Structures are given as structure tokens and as C-alpha cells.
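Readers should treat all values here as calculations from the given coordinates under stated rules, not as data from a laboratory. All values reported here derive from a predicted model rather than from experimental measurement. Here the Cβ positions follow ideal geometry from the backbone for every residue, glycine too, while neighbour counts run over all protein chains shown.
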Amino acid sequence: MPLRVTNVRLPVTLDEQHIGPELARRLGVDLADVTGWRILKKSLDGRARDNLKFVYSVAVDVADEENRLESLARREGVDRYLSTTFDDPPPGSAPLEQRPVVIGSGPAGMLAAYFLATRGFRPLVLDRGPAVKDRVTSIRQFDAGGEHDPDDNYLFGEGGAGTFSDGKLTCRLSGPDIDWVLERFAEFGRQPSVTWEQRPHLGSNRLPFVVRNFRRAIEAAGGEYRFGCRVEGLEIENGQLVALATSAGRIPTSLAILAIGHSARDTYQMLLETGIPMEPRAFQMGLRIEQPQDQVDAEAYARPEYRDLLGAANYNLVARGDRDVYTFCMCAGGRIIPSISESDMFCTNGMSNSRRDSGFANSGLMVTVLPEEFGADDPLAGVRLQQQFEAVGYRLGRSEYLAPAQRAADFMADRSPDPASRIETSYVRGSVPASLEMVLPATVISTIKWALPLLNRKYHKALLPEAVLVGPEMRGSAPVRIVRDRETFQSPGCRGLFPVGEGAGFAGGIISAGVDGVRAARAIVSKFAPVA
Ligand SMILES: Cc1cc2nc3c(=O)[nH]c(=O)nc-3n(C[C@H](O)[C@H](O)[C@H](O)COP(=O)(O)OP(=O)(O)OC[C@H]3O[C@@H](n4cnc5c(N)ncnc54)[C@H](O)[C@@H]3O)c2cc1C
């Protein structure tokens with residue numbers, strides 16, 4: 001398709017059939033001359049609440065294009081469409097004695113394994129947790145009040161934190177690597193629109209199937225998964241990785257993609273003790289705010305039919321100051337979940353199903369904390385800060401993984417909630433009234449208190465009246481970076497070890513983690529020959 005038409009605007013009440021006539025109008029050609037088109041991007045212009053529009057960018061084929069191309073490409077909002085090419089090098093020639101190992105089956109590990117497997121490298125994928133089917137059962141048991149399992153929870157097991165994430169496939173980056181990863185999610189999620197929507201969303205209910213479909217494709221291409229296999233040590237000889245010590249025995253390998261996510265604190269500790277270079281990294285701490293979804297819809301949509309057409313509405317707010325406070329991972333029609341891997345800790349995050357129909361809206365309210373504040377000399381100082389406050393959250397939740405909760409009005413007025421009161425939240429194990437001042441450092445609390453009135457004003461005073469706060473929330477990004485070489489993706493402390501994804505501090509979300517995994521896998525493919 002040689003042409004691209006941008007800024008094609010249609011009322012949201014009109015379906016995509018109306019794109020063709022609009023393209024003909026914009027190009028000044030007959031409708032019959034528009035011989036094909038494909039949506040490249042679709043976004044929502046929500047500025048006029050009573051006249052919402054979809055804005056499309058579309059690749060187009062026109063009849064007799066060789067003769068017309070030059071003049072058409074001069075029209076406003078029309079240019080030549082140059083598709084970018086995904087870099088897919090042929091395998092290199094350096095010999096490998098063992099197949100590569102991928103540690104962690106979250107988005108970073110899964111995409112790395114998929115790339116390696118489909119290029120003939122038969123990767124061995126290890127995960128400390130179980131396969132996704134068993135994981136779904138464990139999560140249900142936990143939600144019903146069961147025990148917490150440090151290897152099988154909302155964060156650990158097949159698909160990693162991605163499996164019970166909200167499944168928003170947004171990414172601030174763009175380019176062929178991002179497109180390639182989105183195409184894989186579209187393929188395995190059977191939802192082609194994720195490649196062009198501005199806010200693609202799979203939903204937590206679909207992610208287990210997506211993760212399973214990835215595994216089937218990896219296995220079909222010669223890869224292998226081992227669940228319940230926790231990596232506990234690295235064997236290094238003369239700076240080169242030679243084997244992994246795991247809970248299921250020694251695994252010889254000279255190449256390992258380390259995709260452990262940001263919550264494998266025991267593995268971070270092991271890496272530090274092994275001498276793998278790591279450094280502390282800025283990360284976010286905060287609370288989760290929740291209100292009835294109806295309020296958010298009323299704020300976004302002036303016409304009732306918009307709710308049926310567009311589903312639960314979301315918001316994205318920021319208060320700028322000495323320290324910004326911003327909303328994060330807004331889960332429209334979702335629910336609050338425990339984002340914990342270690343036992344006796346409590347921390348929140350949010351998810352939603354594809355129908356976004358819980359009746360609640362929740363979002364993180366985040367503040368960035370810097371290594372200078374919590375200990376720039378200790379690579380794991382940020383982890384220790386998280387642990388300190390997550391332990392407080394656990395105790396406030398009666399040591400039963402209940403969610404400490406406080407009405408926003410009480411939080412702002414420094415009023416302790418009545419311990420006998422009932423605060424309704426979407427968190428299924430239940431909540432307990434608590435003063436949230438205790439779950440975060442004082443500087444973070446005072447910043448949120450400064451920001452909430454500003455955010456409320458920006459949101460036409462609809463953010464706070466019925467809002468409830470829960471917390472702490474602090475697993476939005478890694479507080480650590482596992483240092484690696486820019487070109488080779490390998491740790492300077494261990495040749496053959498490729499730290500990737502969110503846990504290594506190089507990604508912040510499903511797609512960016514997947515892309516990071518693919519890039520490391522590509523570095524392996526371009527250098528080595530697959531093991532026979
Ligand atoms: C509730 C929630 C909602 C989210 N919503 C979104 C969203 O809507 N959109 C978005 O883009 N992002 C979202 N995220 C973030 C997203 O899930 C992560 O950015 C992403 O999963 C990171 O991928 P990863 O592969 O780097 O790590 P992870 O997904 O954390 O995977 C790490 C894997 O490594 C395994 N592992 C750890 N240590 C070891 C070891 N020693 N040995 C063997 N295996 C090990 C773990 O079991 C896990 O499977 C959400 C996260 C949460 C928790």
C-alpha cells in the first residue's frame with residue numbers, strides 16, 4: 001500500500017465501513033478507485049465530550065497509482081507510506097555446546113524464547129512457578145482466603161506478572177520491533193486490533209490463553225518448558241557462564257537470558273552475592289485510588305450511547321510540581337489485586353477483564369523516588385525500602401492479606417478511619433480501615449496530599465468525593481538495574497548472561513519487556529549457530 005492518509009476523523013457512532021468514503025473524499029477520487037485500505041492507528045479524540053471522534057491513520061491502495069501517486073501524496077494529510085522492516089538476521093556461526101536457557105516465562109522471557117525457538121535454537125525455558133492452568137487455580141484459592149505461595153502467585157508462574165496484568169498493550173516506544181511484538185500478541189490473542197488501537201487491551205481473562213498459545217508455538221518449534229524450576233545460582237568460570245544451579249538440579253549452559261521480573265528479590269540477592277554488577281534505580285511508590293466506574297464514565301461521556309459503544313472510560317492525570325504525581329495503570333471496570341511474591345508482605349496493583357465490567361475504576365497514584373533518597377551505594381536499597389513498607393501494609397491488613405483502605409476525604413483531613421467502619425473496595429479478600437500514612441515514606445505521603453486536590457480540580461472535582469485509597473503500591477517498576485553491555489546485552493560480570501525485561505530495569509510493561517527479550521534473543525541468533 002503506497003499511500004498513508006492521516007487524521008481521518010469519524011464520529012464514534014459510525015463504524016469502520018465509513019472509512020472508505022472518507023478516504024475517497026480526502027484523496028479527491030471516486031470511491032471505486034480506493035481499491036484497498038488498512039488501519040495503521042486508531043485513537044479517540046475525547047476533547048468534546050458530546051462529539052467523540054475516532055481518529056485513524058490508514059494505508060491506502062488506489063487504482064492507477066503509478067500515475068497518481070505523486071499528486072495524491074501532495075494533498076494535506078497524505079504521504080507515501082513506507083513500512084519499516086523488522087531486523088531478522090540469519091543465525092551466526094559461533095558454535096554452541098548446549099541450547100540457550102531462558103530464566104523466567106513472563107513477557108520478556110516468553111518473547112525471547114519465541115524468537116529463539118522459531119529461529120531453530122530450541123531454548124529451555126525455566127520458571128519457578130507452575131504452568132498457567134495450575135496458576136489460575138492457585139490464584140482463585142488465594143483470592144478465596146487461601147495461603148500465599150512464594151513461587152505460585154499473581155507475579156510468579158507461567159506468563160509472569162503479565163498473566164494477571166491488566167493486559168493493556170500500550171508502549172511509549174514505536175518502530176518495527178514494537179510492531180513485531182504487537183503482531184505476536186494479536187496472533188496469539190486472536191485480536192488483530194491490538195496492532196492499531198491507541199490503547200489496546202486484552203484483559204486478564206484472555207491473557208492465560210495468550211500465554212498458553214505462546215508456549216504451544218515455542219514447544220512446536222523445539223523449545224521446552226520446565227515449571228517449578230527456580231534458578232538459585234550461577235556457575236561462572238573465567239568470566240563465562242557454564243551452568244545454572246536450580247531447585248531441580250544443575251543445568252549446563254553457556255547462554256542464559258535472565259528475565260526474572262522485578263519481584264524475584266531472592267534472585268536479586270543471589271546475583272549480588274555472585275558479583276553480578278547491579279545498581280539502584282529510581283522507582284515509583286504510591287497508593288491506589290478507586291471510585292465507582294459510573295463516575296468516570298459520566299466525566300468522559302456526555303451521551304449515554306458512548307458507554308455502550310466505547311466501554312468503561314479511563315483517565316490519565318498528572319500534577320506537576322517539585323515532584324510530579326501521576327496516575328498509573330488505570331484499570332477501568334477493573335479490580336484491585338495483591339501484587340506480592342514474598343509472603344507476609346502487601347502491595348497493590350490493578351487488573352480488568354476484557355469486558356471491564358466490575359463497576360469499579362482504579363488507578364495507581366505514583367511518586368518517583370530516587371536512589372539519592374534511599375541509598376545510592378547499595379544496589380538493593382530500593383528493594384529493602386519496598387520490603388519495609390510492604391511489611392507495614394501486611395500488618396495493617398491484619399496479617400491476612402486484607403487491603404488497608406481509607407476514604408480519600410479522611411486521608412486528606414488526617415482523620416483515622418473508624419476501625420468498625422466498612423470500606424467497600426473491589427479487592428476480593430476484603431479491606432480493613434487503616435491510616436495509610438504508615439504505608440509510605442513521609443515525603444511520598446505529603447506529595448500525594450499536595451497533589452490530590454490539584455488532580456481533583458483537573459478532573460472537574462469528580463475524582464475525590466467517593467474515592468477510596470488503598471496501598472501501598474510500589475511494584476510498577478524495578479528498583480534495581482542489572483547492568484549490561486549496550487551492544488551485546490551481556491552482563492559485564494558474566495559472559496553469556498543476558499539480563500532483560502522489567503527485572504533488569506530495561507522495560508516497564510508487557511510490550512517493552514517483550515521487545516527487550518526479542519532484542520537480546522536477536523543478539524544471540526546473530527552470533528551463534530543453533531545446536532544440532
Ligand atoms: C497487576 C498488574 C497489572 C499490570 N498491568 C499491565 C498492563 O496493563 N500493561 C502493561 O504493559 N503492563 C502491566 N503490568 C506490568 C507487566 O506485567 C510487567 O511489566 C511485565 O510482566 C514484565 O515482564 P518480565 O518478563 O520482565 O517479568 P515478569 O512478568 O515479572 O516475569 C518474570 C518471570 O520470572 C520468573 N522467575 C523469577 N525468578 C525466577 C528464578 N529465580 N528462576 C526461575 N524463574 C524465575 C517468575 O516466576 C516470572 O514468571 C502489570 C503488572 C501487574 C502486576
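Counting Lys and Arg as +1 and Asp and Glu as -1, what is the net charge of the other residues whose Cβ lies under 9 Å from the Cβ of D88?
Working: positive: R119, R522; negative: D87.
My count for the surroundings of D88 gives +1.
Give the lysines whose C-alpha is closer than 27 Å to that of K53, dropping any in the same chain fewer than 8 places away, or say none.
K41, K42, K168, K458, K461
How much net charge surrounds L463 when only the other residues with a Cβ under 12 Å from the Cβ of L463 are counted, with Lys and Arg +1 and Asp and Glu -1?
Numbers: positive: R457, K458, K461; negative: E290, E299, E466.
So the surrounding residues net to 0.
Could you give log10 I(q)/I(0) at q = 0.12 Å⁻¹ for the chain, computed by the Debye formula over C-alpha point scatterers of equal weight, without solvent?
Listed by q, the Debye log ratios stand at -1.16.
Given labels modelled 7 Å from the Cα in the Cβ direction, how far is it in nm from A409 to S83?
Using points 7 Å along Cα→Cβ, the separation is 5.6 nm.
How do the peptides 243-251, 281-289, 163-171 rank, highest first, by the average count of neighbouring beta carbon atoms within 10 Å per residue? Can you show the working numbers first?
Details: 243-251: 15.3, 281-289: 25.3, 163-171: 23.7.
Packing order, densest peptide first, comes out as 281-289, 163-171, 243-251.
Can you tell me what share of the DSSP beta bridges in the chain is antiparallel? A percent to the nearest 5 is fine. Intermediate results must be reported in sequence, preceding the final value.
On the way: 64 of 83 bridges.
Around 75 percent of the beta bridges assigned by DSSP in the chain are antiparallel ones.
Would you please report the Å³ per residue occupied by the convex hull of the alpha carbon atoms in the stretch 293-394? Provide the component values of the computation, followed by the final result.
On the way: hull volume 12.6 nm³, N = 102.
In the stretch 293-394, the Cα hull volume divided by residue count equals 124 Å³.
Which cross-chain or sequence-distant (5 or more) residues have an amide H under 5 Å from the amide H of L3, H modelled 1.01 Å from N in plane?
Sorted by chain and number, the residues that satisfy this are V60, Y81.
What translational diffusion coefficient, in µm²/s and rounded to a whole number, does the Stokes-Einstein relation yield for the stretch 444-496 at 25 °C and a viscosity of 0.890 mPa s, taking the hydrodynamic radius as the Kirkwood radius over Cα pairs?
Numbers: Rh = 15.1 Å.
In µm²/s, the coefficient is 163.
Could you tell me whether the stretch 400-532 comes out rounded, prolate or oblate from its Cα gyration tensor? Rule is a ≥ b ≥ c as square roots of the eigenvalues, rounded for a/c under 1.5, then prolate if a/b exceeds b/c, otherwise oblate.
Numbers: a/c = 3.13, a/b = 2.73, b/c = 1.15.
Prolate.
Sorted from largest down, give the three principal axis spans of the alpha carbons of the stretch 73-137, whole angstrom values.
56, 42, 13
Quote the Stokes-Einstein diffusion coefficient, in whole µm² s⁻¹, for the stretch 1-96, based on the Kirkwood radius over alpha carbon pairs, a temperature of 20 °C and a viscosity of 1.002 mPa s. Please list the in-between numbers first.
Numbers: Rh = 15.1 Å.
Calculated translational D: 142 µm²/s.
For the chain, what does the helix formula give at 222 nm: sum of -39500 (n - 2.57) over DSSP H segments with n ≥ 4, over the residue count, nearest 500 deg cm²/dmol? Spell out each step's value before the answer.
Numbers: 14 runs with 153 residues, N = 532.
Mean residue ellipticity at 222 nm (helix-derived): -8500 deg cm²/dmol.
Would you report the distance distribution of C-alpha pairs in the stretch 147-202 as whole percents per 5 angstrom bin, up to the bin with the largest distance?
4, 18, 24, 20, 14, 9, 6, 3, 0
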